[in-house]
1. Within straight cross-link reach of K376, meaning Cα distance under 18 Å, which aspartates and glutamates are found once same-chain residues fewer than 8 apart are removed?
2. Over region 205-253, with every protein chain in place, what whole percent of the accessible area is carbon and sulfur at 1.4 Å, could you tell me?
3. Which is the longest part of the chain that has none of the chymotrypsin sites (Phe, Trp or Tyr not before Pro) sitting in a DSSP loop with at most 14 other Cβ atoms within 10 Å?
4. List the residues, sorted by chain then number, that are 5 or more residues from K37 or on another chain and whose placed amide H is less than 5 Å from its amide H.
5. Scale the Cα Rg of region 234-317 by the rule-of-thumb value 2.2 N^0.38 Å and send over the ratio, two decimals.
6. Can you give the Rg and Dmax of region 283-424 based on its C-alpha atoms, in angstrom?
7. List the aspartates and glutamates whose Cα lies under 14 Å from the Cα of K6, skipping any in the same chain that are fewer than 8 positions away.
8. With Kirkwood's inverse mean 1/r over C-alpha pairs for Rh, give me the Rg to Rh ratio of region 1-140, two decimals please.
Amino acid sequence: MVANEKLFSLAREYMPGGVNSPVRAFKAVETPPIVVKRGFGPYIEDVEGNRYVDFLMSWGPLILGHAHPRVVEEVEKAVKSGLSFGITNPYEIEIAREVVNALPSAQKVRFVNSGTEAVMSAIRLARGVTGRKYIVKFEGCYHGHYDSVLVSAGSGVATLSIPGTPGIPEEIARLTFVLPYNDSQALKNLFEEKGEEIAAVIVEPVAGNMGVVPPEGEFLKTLREVTQKYGALLIFDEVITGFRLAYGGAQEYFGINADLTTLGKIVGGGMPVGAYAGSKTLMGNVAPEGNIYQAGTLSGNPVAMAAGLATLKVLKETNPYKDLEKKTAYLTGEISKLLTDRGIPHTVNRIGSMFTVFFTEGEVKNYSDAQRSDLKLFARFFQKLLKNGVLIPPSQFEAWFLSTAHDDKVLTEALERIERGIREL
């Protein structure tokens, strides 16, 4: 038995499915999982010494690549001073100021330990300040595993075809209205009927967990206008898009501000982190300033804050966004040509440095469109790419990511490997 199989067999004895997050089991792609030993730049290496060009990038946070020297240096410095204090540290103050200055709609921010925590806290805040109980989300959008937003979710829920509500009381599920993504009319219709009872609309401004699906036309503008008209809050889940589409996230990219923003991934530089941010008025309702309670013993952890701050500083200094978008356009164009030459139906959605190759004909504008994809073909595609040294998300319903470490030489290497994989299909 090879090392990957041996270790994963051991993992299954002690962890559900052998993993601490479901999609890591590679179940949807019918492939034995790899066990990763290290990452460097645009590559990862498994316990058998196999090297892969990485387009998963830890599901998005590693916009500078693995083990970026500046990030590692700051983390090592922080670790030597202590792993945790349970008391405010200078790193969290400095990164709070950086986040507030970067996000167009933010004046104060509260750090937590995951994107799920950030969403849970933002929704509690929205319900608390509005005095309303209903929230609105969109099919295929994933906002973590918090009860109120796991209904009709994307990401691992979609990957494993799990109904979104087992373990969630029906009474809680009924407090969430679910609409098709990119359907402005459905939103207007719902608000005409229930608008005075809706606390918030939460949305991925660019869906990344049904695969990448950008907002169409006036969709985000309509969300802003309708929520303002009825006194509901608009929550942008920028766990993926924050500091990835632009330094100011999707709000800078599209020029539309939310009332509350949830963050994660890049803002932690690869360490576990989450955050929610908004105006002084809204955030002033959070304890200890206000009476809406939220707390976390390890929130603002100095090591995570150091990693995130170093990442944001490099991004601010180098402003790599146009270059990343150019490389992504090139890479996706070449992949599409390779698939077209082999007569393989597909469509590619991309924005900034994130994209998805869907194995379906026609446009993908919402979750229903994404679900038309040929999942068996995607599984074979994943298998062939992995065999040839390219790691992509082990799910049709996830985003691929580029980092600044994916230079022209790496992209050429990756395309050669992808071409071999496609030929083997």
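The values are calculated or read from the model by the stated rules, or taken from the named source; none is laboratory data. Here the structure is a predicted model, which is why all the values come from computation and not from measurement. When we count neighbours, we look across all protein chains shown, and the Cβ atoms used for this are built from the backbone with ideal geometry, even at glycine. To get the accessible areas, we keep the full protein, side chains included, count just its heavy atoms, and leave off ligands, DNA and RNA. Shrake-Rupley method; radii C 1.70, N 1.55, O 1.52, S 1.80 Å.
1. Cα-Cα hits under 18 Å: E30, E361, E398, E424.
2. Heavy-atom surface of region 205-253 belonging to carbon and sulfur, 1.4 Å probe: 46 percent.
3. Numbers: sites that count: F85, Y293.
In the chain, the maximal stretch lacking such sites is 86-292.
4. HN-HN under 5 Å from K37: E45, D46, V47.
5. Working: Rg = 13.4 Å, N = 84, 2.2 N^0.38 = 11.8 Å.
Cα-based Rg divided by the globular estimate yields 1.13.
6. Answer for region 283-424, Rg first and Dmax second: 19.8, 61 Å.
7. By straight Cα distance, K6 reaches D46, E48.
8. 1.04
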